[in-house]
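Here's the structure, in structure tokens; my notes come after.
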Amino acid sequence: MSKNPIHIIGGGLAGSEAAWQAAEAGVPVILHEMRPVRGTDAHKTDGLAELVCSNSFRSDDAENNAVGLLHAEMRLAGSLIMSAGDANQVPAGGALAVDRDGFSDAVTKKLEAHPLITIEREEVPGLPPAEWDQTIIATGPLTAPSLAQSIAEATGADALAFFDAIAPIIHFDTIDMDTCWFQSRYDKVGPGGTGKDYINCPMDKDQYLAFVQALVDGQKTEFKQWEGTPYFDGCLPIEIMAERGVETLRYGPMKPMGLTNAHNPTVKAYAVVQLRQDNALGTLYNMVGFQTKLKHAEQVRVFRTIPGLENADFARLGGLHRNTYINSPTLLDGSLQLKSRPGLRFAGQITGCEGYVESAAIGLLAGRFAAAERLGHTPSLPPLTTAFGALLNHITGGHIVSDDEPGKRSFQPMNVNFGLFPPVEAVKIEGKRLRGKDKTVAKRHAITSRALQDCREWLGVPAQTAEAAE
Ligand SMILES: Cc1cc2nc3c(=O)[nH]c(=O)nc-3n(C[C@H](O)[C@H](O)[C@H](O)COP(=O)(O)OP(=O)(O)OC[C@H]3O[C@@H](n4cnc5c(N)ncnc54)[C@H](O)[C@@H]3O)c2cc1C
């Protein structure tokens, strides 16, 4: 076995987990963390795996919630982030919230004590030298500027850090297709299209005027941090367009041209909200041109006034924040490796996942993949039916890249959610088809039990240990 170490740049959620997984697999690791030599705009300590904002890992319900399921899978995989989180839990109802200092201390101590891990407190200013033949970059949304610049040059992006205005994403099965219809504007087929690629939600004049007013009046998030970072390609928040004039949206993302309401062909819609398929499975649709900095509760309230979206369940709400991430679906292979430079992997938020737990989960996978290669094995990828696999697939391939928004970055960060999983067959109880809430709950249970079973098989974890871990 080669004793060459794996280098991991960044000791945040992803880098710490990656280091742990690789070392536990028997491979030496050098973890390079720049704090306290150099800080970021959000980190306050020199601890590894510092939580920069909330202290919550969100729901711990593995049966009904996708992030809870990811917790369970990570525990099965021997996650350091989960064991330190469990050991430092504070009361938070159904969520797993942690004492942030206790958590970060626990991670730091475990990594410092591991015989195969060396921690070097230094900034890595550019791409790794050639002799670092297995490296994981896990430098997060606040990657130090000089490394960000080198990554941008190597990946062909003009910029990696920007104000990121993101549009909401909706679960397809909560859209009322008796009101909405599938049609592309002017029935254009386009590359890979069918002429029916969008879901259209029609509005009459009164509905449109009320909607524009609600956008103008809606509560917005304050955004003072990092002012001066540019908007990406002028992808303006929708409420800013609404403020520019009552007709602006009707001549922009809500234009009704080239569309005929399949349910009511003789009545022309005054305005139309379009939704576009967001993942290859067709379970998620994004609201086209609906980048927004409305507060989350306001988004739910205002967007549910759109005809057809009255019961919409949002897989992700819109938002505005500084971020740094690469265009992973184009740049990375299935094991998170830069296609143009084998041996160099990315992990954490910089790959385009979103959230503490998701970042750590992608770190876990990257650490395992790099260690497998170092030991001369082909990395074993998690099944798509697991939370690990669903999230990895979103990053490395499941997302649909949009050709019709030139200049816009169509791949956007995402939390783990049930829309990323392959659908399950219709669920029946005692031969009866379920409807409404019962159907949603039964589908979730079917997805989560399938995921845990497949995850155990992938990890080779016997059922008894698995039950203890859940
Ligand atoms: C302001 C802010 C608030 C957030 N709030 C939340 C929240 O409340 N809940 C949530 O789930 N998610 C939140 N996120 C999103 C995300 O989950 C976190 O950023 C998470 O920490 C990402 O994990 P990571 O390991 O990818 O990056 P980080 O945890 O940020 O780790 C990256 C590490 O790399 C180091 N580093 C950077 N550049 C270099 C370099 N060149 N050389 C060496 N080391 C380097 C940094 O010091 C840092 O320790 C937030 C993000 C931001 C920016």
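Each label point is 7 Å from the Cα along the Cα-to-Cβ direction; what then is the distance between the points at Lys437 and Lys188, in nm?
Result: 4.3 nm between the two label points.
Solvent-accessible area per residue for the stretch 1-95 at a 1.4 Å probe radius, Å²?
Values: 3350 Å² over 95 residues.
Heavy-atom accessible area per residue stands at 35 Å².
Please work out the Cα center distance from the stretch 293-350 to the stretch 82-151, rounded to the nearest Å.
Centre-to-centre (Cα) distance: 22 Å.
Taking the Cα centre of the stretch 1-155 as origin, work out the dipole magnitude from +1 charges on Lys and Arg Cβ and -1 charges on Asp and Glu Cβ, in debye rounded to 20.
Working: 10 positive and 21 negative charges, 22 e Å.
Charge dipole, the stretch 1-155, about its Cα centre: 100 debye, nearest 20.
Can you tell me the dipole magnitude for the chain around its Cα centre, using point charges on the Cβ only (Lys, Arg +1; Asp, Glu -1), in Debye to the nearest 20?
Values: 44 positive and 55 negative charges, 169 e Å.
Here the chain has a charge dipole of around 820 debye.
At q = 0.21, 0.27, 0.29 Å⁻¹, what base-10 log of I(q)/I(0) does the Debye formula yield for the stretch 308-377 when every alpha carbon is treated as an equal point scatterer in vacuo?
-0.92, -1.23, -1.32
Could you tell me what percent of the accessible area of the chain is made up of carbon and sulfur, with a 1.4 Å probe and every protein chain present? The partial results should precede the final answer.
On the way: 10270 of 19880 Å².
Answer for the chain is 52 percent, counting heavy atoms of protein chains only.
Calculate, for Ala297 and Ile30, the FRET efficiency according to 1/(1 + (r/R0)^6) with r their C-beta to C-beta distance and R0 51 Å; round to the nearest 0.05. Display every interim value, and only then the final one.
Working: r = 45 Å, r/R0 = 0.88.
Efficiency at R0 = 51 Å is approximately 0.70.
For the stretch 253-307, rounded, prolate or oblate, judged on the Cα gyration tensor with a ≥ b ≥ c (square roots of eigenvalues), a/c < 1.5 rounded, else prolate if a/b > b/c? Display every interim value, and only then the final one.
Numbers: a/c = 2.12, a/b = 1.37, b/c = 1.55.
Taking the square roots of the gyration eigenvalues as a ≥ b ≥ c, the stretch 253-307 is oblate.
Taking the Cβ-Cβ separation of Arg341 and Ala87 as r and a Förster radius of 30 Å, what is the calculated FRET efficiency to the nearest 0.05?
Working: r = 37 Å, r/R0 = 1.25.
Given R0 = 30 Å and the Cβ-Cβ separation, E is 0.20.
Among Tyr285, Val67, Val267, whose Cα lies farthest out toward the positive end of the dipole of the chain, if unit charges sit on the beta carbon of Lys, Arg (+1) and Asp, Glu (-1)?
Comparing the listed Cα positions along the dipole, Val267 ranks first.
Taking each pair of distinct Cα atoms in the chain once, what is the resulting Kirkwood hydrodynamic radius in Å? Mind dumping the intermediate values first?
Working: mean 1/r = 0.0429 Å⁻¹.
Computed over the chain, the radius equals 23.3 Å.
For a label point 7 angstrom out from the Cα of Thr305 toward its Cβ, which stretches of the stretch 239-273 have the backbone nitrogen within less than 20 Å?
Inside the label zone: 239-256, 269-273.
At what distance in nm do the modelled label points of Arg121 and Thr45 sit from each other, each positioned 7 Å from its Cα along Cα→Cβ?
1.4
Counting Lys +1, Arg +1, Asp -1, Glu -1, what net charge surrounds Leu215 among other residues with beta carbon under 14 Å of its beta carbon?
Net of charged neighbours comes to +2.
Count charges around Asn4 for me, please; just the other residues with Cβ under 12 Å from its Cβ, Lys/Arg as +1, Asp/Glu as -1.
Working: positive: Lys3, Arg374; negative: Glu131, Asp133, Glu373.
Within the 12 Å Cβ shell, the charges total -1.
Using 1/(1 + (r/R0)^6) with R0 = 45 angstrom and r between the beta carbons of Thr174 and Ser380, what's the FRET efficiency to the nearest 0.05?
Values: r = 35 Å, r/R0 = 0.77.
Step by step, r from the Cβ atoms, then E = 0.85.
What nm distance separates the two modelled labels at Val424 and Leu209, each placed 7 Å from Cα along Cα→Cβ?
About 4.8 nm, to one decimal.
Considering the options Ile81, Val441, Ala18, tell which one lies farthest towards the positive end of the dipole of the chain, charges being +1 on Lys and Arg and -1 on Asp and Glu at the Cβ, about the Cα centre.
Selected residue: Val441.
Find the Cα radius of gyration of the stretch 40-143, compare it with 2.2 N^0.38 Å by division, and give the number to two decimals. Kindly include the intermediate steps, with their values, before the conclusion.
On the way: Rg = 15.7 Å, N = 104, 2.2 N^0.38 = 12.8 Å.
Normalised Cα radius of gyration, the stretch 40-143: 1.22.
The values are calculated or read from the model by the stated rules, or taken from the named source; none is laboratory data. Predicted model only: the values in this text are computed from it and were never measured. Counting neighbours? That spans all protein chains shown, and the Cβs are built from the backbone with ideal geometry, glycine included. Remember, those area values only see protein heavy atoms, side chains included, never the ligands or the DNA or RNA. Shrake-Rupley method; radii C 1.70, N 1.55, O 1.52, S 1.80 Å.
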